[in-house]
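As structure tokens, the structure follows; a few thoughts come after it.
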Amino acid sequence: MHLTRLALTDFRSYVDVNVPLTPGVTIFSGPNGEGKTNLVEAVGYAATLASHRAAQDAPLIRKGADQAIIRAAISTSANDALVEIELNAGRANRVRLNRTPLSRPRDVLGVLRTVLFAPEDLALVKGDPGERRRFLDDLLVAMAPRYAGVRADYDRVLKQRTALLKSAGPKGGPKGNRESREAVTATLDVWDAHLARTGAELLVAREHLVAALRPHVEKSYAAVAGDGRGPAGIEYRRSFESQDREGEEATHGERVRAAEQALREALLEVRASELDRGVCLAGPHRDELELSVRDLPARGYASHGESWSLALALRLASFDLLRAGREDPVLILDDVFAELDAGRRDRLAALVAEAEQVLVTAAVPEDIPEILKGAHFRVSAGRLTEAAPPREPAAAPEPGATPEAADAP
Ligand SMILES: Nc1ncnc2c1ncn2[C@@H]1O[C@H](COP(=O)(O)OP(=O)(O)OP(=O)(O)O)[C@@H](O)[C@H]1O
Ligand SMILES: [Mg+2]
């Protein structure tokens, strides 16, 4: 699939911008802070209903405005689609698909699929486990949008169960605590069942996903880092004890049921400490995606360059999975080449050059390898101007020539 147009109104630093897009590579270049990432952030938002760098929507609305609008026109081999998102300050966002309002915004997920590489990806390797869980869940939703519902259900159950645990009061608190604990215990049984049911579905799906990702991560890591630098490993680790009683040939349903049973047992076991601490101690919200390079944990051991290669490998592997048997997702490379040495730059460029559409941002266009040729916009103060591709080896400018003239073909 590819975008044919991106139009923004009052999104981040843009008052109004309307960019025609074509398949192949499009480069957005310009000095720091001029709005390159803002553009691709909007594309990512149209695909995932979330920003890759802001946890809340408020910063996405231009300062002084009370609404931002993203419009993305998408073309696939089957049909064309128009996604329109209205981000409202202090009120629910609204989403329209082909001009029809959606009662559930999340029904738009899957219409546009993207894989976004950004400097923030380093946190996939170096950051908290929550970053890696989010990576898995985002990919799960991109692969099968119904998991947006599973994830939302789990988050809701987790929140309510945690509130219940907290309501029991701390250990050794006032006299009333004993009674409140007893009352809570009866209700907890019900919430344990909910948590185990939705949790099992989520974590088994994540385990499947990790198994599917593994060969792609190994391959991509070798491709980016260079031969003999790996291997890179990826392993899903549950937050609770459970023997894998189902064996290799178990069906998806059998695995989910076994995980549900195991999670219920685990919750019973940790219940006393949960009540003491007022937190939910077992479930997919505490599971870990373990990454390794050369059999050492990536977090805390991998070098800066290895961490970067691993983060890129995770995104490349996502791209491989998302495109398998389907149309290519739109690839977005936000400012990644500046972070890489020449060898890794070229290898990454070679891996992505064949994608149906690639959007690339760079402060210094010379950082972008030669093989990524295509349309080129310069971004300056919220305005875009089409530039000639700066691909030709820079001939020495004529004396007195302006920099712009030197770039002309
Ligand atoms: N809600 C907002 N309202 C107005 N301006 C905003 C808003 N959010 C961000 N900006 C401005 O947008 C600019 C950042 O844009 P962006 O992150 O796209 O820069 P960039 O071109 O990617 O820069 P770099 O090369 O450093 O990555 C900043 O100047 C910031 O002040
Ligand atoms: Mg940027």
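The values are calculated or read from the model by the stated rules, or taken from the named source; none is laboratory data. Keep in mind that this is a model prediction, so the values were computed, not measured. Cβ atoms come from the backbone with ideal geometry, glycine included; neighbour counts cover every protein chain shown. All accessible areas refer to the heavy atoms of the entire protein, side chains included, with ligands and DNA or RNA removed. Shrake-Rupley method; radii C 1.70, N 1.55, O 1.52, S 1.80 Å.
Observations on the model:
Every residue, every condition in (1) within 16 Å of ligand 2 (Cβ to nearest atom); (2) more than 15 Å from residue 330 (Cβ to Cβ); (3) among the aliphatic types (A, V, I, L, M), yes or no:
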{"position": "47", "(1), (2), (3)": "no, no, yes"}
{"position": "50", "(1), (2), (3)": "no, yes, yes"}
{"position": "56", "(1), (2), (3)": "no, yes, no"}
{"position": "59", "(1), (2), (3)": "yes, yes, no"}
{"position": "70", "(1), (2), (3)": "no, no, yes"}
{"position": "75", "(1), (2), (3)": "no, no, no"}
{"position": "79", "(1), (2), (3)": "no, yes, no"}
{"position": "85", "(1), (2), (3)": "no, yes, yes"}
{"position": "88", "(1), (2), (3)": "no, yes, no"}
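- Subset tally (residues that are part of a loop (DSSP other than H, G, I, E, B) and either farther than 15 Å from residue 45 by Cα or open to solvent by 80 Å² or more (accessible area, probe 1.4 Å) (or both)) for segment 101-114: 3
- Flag if residue 398 is modelled with pLDDT under 90 and within 16 Å of ligand 2 (Cβ to nearest atom): no
- Among the residues of segment 1-29, the one identified as touching a Pro at 6+ places or on another chain (Cβ under 9 Å), within 16 Å of ligand 1 (Cβ to nearest atom) and part of a loop (DSSP other than H, G, I, E, B) is 12.
Quick grid of which residues meet (1) farther than 21 Å from residue 143 by Cα; (2) surrounded by 14 or more Cβ atoms within 10 Å (Cβ to Cβ); (3) in contact with a helix residue (DSSP H, G or I) (Cβ under 9 Å, 6 or more places away or on another chain); (4) in contact (Cβ under 8 Å) with a residue 24 or more places away in the chain:
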| residue | (1), (2), (3), (4) |
| --- | --- |
| 10 | yes, yes, no, yes |
| 15 | yes, no, no, yes |
| 18 | yes, no, no, no |
| 40 | no, yes, no, yes |
| 46 | no, yes, yes, yes |
| 87 | yes, yes, yes, yes |
| 99 | yes, no, no, no |
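- Residues that are open to solvent by less than 40 Å² (accessible area, probe 1.4 Å), more than 24 Å from the chain's Cα centre (by Cα) and over 22 Å from residue 304 (Cβ atoms) within segment 212-245 comprise just one, 240.
- Residue check, residue 43 more than 8 Å from ligand 1 (Cβ to nearest atom) and more than 19 Å from the chain's Cα centre (by Cα): no
- For segment 39-46, the criterion of being touching a strand residue (DSSP E or B) at 6+ places or on another chain (Cβ under 7 Å) and part of a loop (DSSP other than H, G, I, E, B) is satisfied by no residue at all.
- When restricted to residues that are modelled with pLDDT under 90, touching a Phe, Trp or Tyr at 6+ places or on another chain (Cβ under 9 Å) and of a type in the set (A, V, I, L, M, F, W, C), segment 378-393 contains 1.
- Tally of residues being open to solvent by 40 Å² or more (accessible area, probe 1.4 Å) and part of a helix (DSSP H, G or I) across segment 246-269: 10
- Only one entry of 408, 362 meets the criterion of being at pLDDT below 90 and of a type in the set (A, V, I, L, M, F, W, C), and that entry is 408.
- Here residue 147 meets each of (1) at pLDDT 95 or above; (2) over 16 Å from residue 201 (Cβ atoms); (3) touching a helix residue (DSSP H, G or I) at 6+ places or on another chain (Cβ under 7 Å) with one exception, condition (2).
- Number of the condition not met by residue 40 [criteria: (1) farther than 17 Å from residue 5 by Cα; (2) within 9 Å of ligand 2 (Cβ to nearest atom)]: (1)
- If the condition is being open to solvent by 40 Å² or more (accessible area, probe 1.4 Å), part of a loop (DSSP other than H, G, I, E, B) and within 16 Å of ligand 1 (Cβ to nearest atom), then segment 115-135 contributes no residue at all.
- Of all residue pairs spaced 6 or more apart or on separate chains, those with beta-carbon atoms under 7 Å, a first member in segment 184-209 that is more than 23 Å from residue 321 (Cβ to Cβ) and a second member that is open to solvent by 60 Å² or more (accessible area, probe 1.4 Å) and small (Gly, Ala, Ser) are 184/167.
- Residue ID - nearest to ligand 1 (Cβ to nearest atom), chosen from residues in segment 48-60 that are open to solvent by less than 70 Å² (accessible area, probe 1.4 Å) and part of a loop (DSSP other than H, G, I, E, B): 54
- Residue check, residue 36 free of Cβ contacts under 8 Å to residues at least 12 places away in the same chain, within 16 Å of ligand 1 (Cβ to nearest atom) and not aliphatic (A, V, I, L, M): no
- Once segment 308-355 is narrowed to residues that are within 16 Å of ligand 1 (Cβ to nearest atom) and of a type outside the set (D, E, K, R), the residue that is farthest from residue 38 (Cα to Cα) is 340.
- Within segment 61-85, tally of residues that are aliphatic (A, V, I, L, M), in a loop (DSSP other than H, G, I, E, B) and either open to solvent by less than 40 Å² (accessible area, probe 1.4 Å) or within 16 Å of ligand 1 (Cβ to nearest atom) (or both): 1
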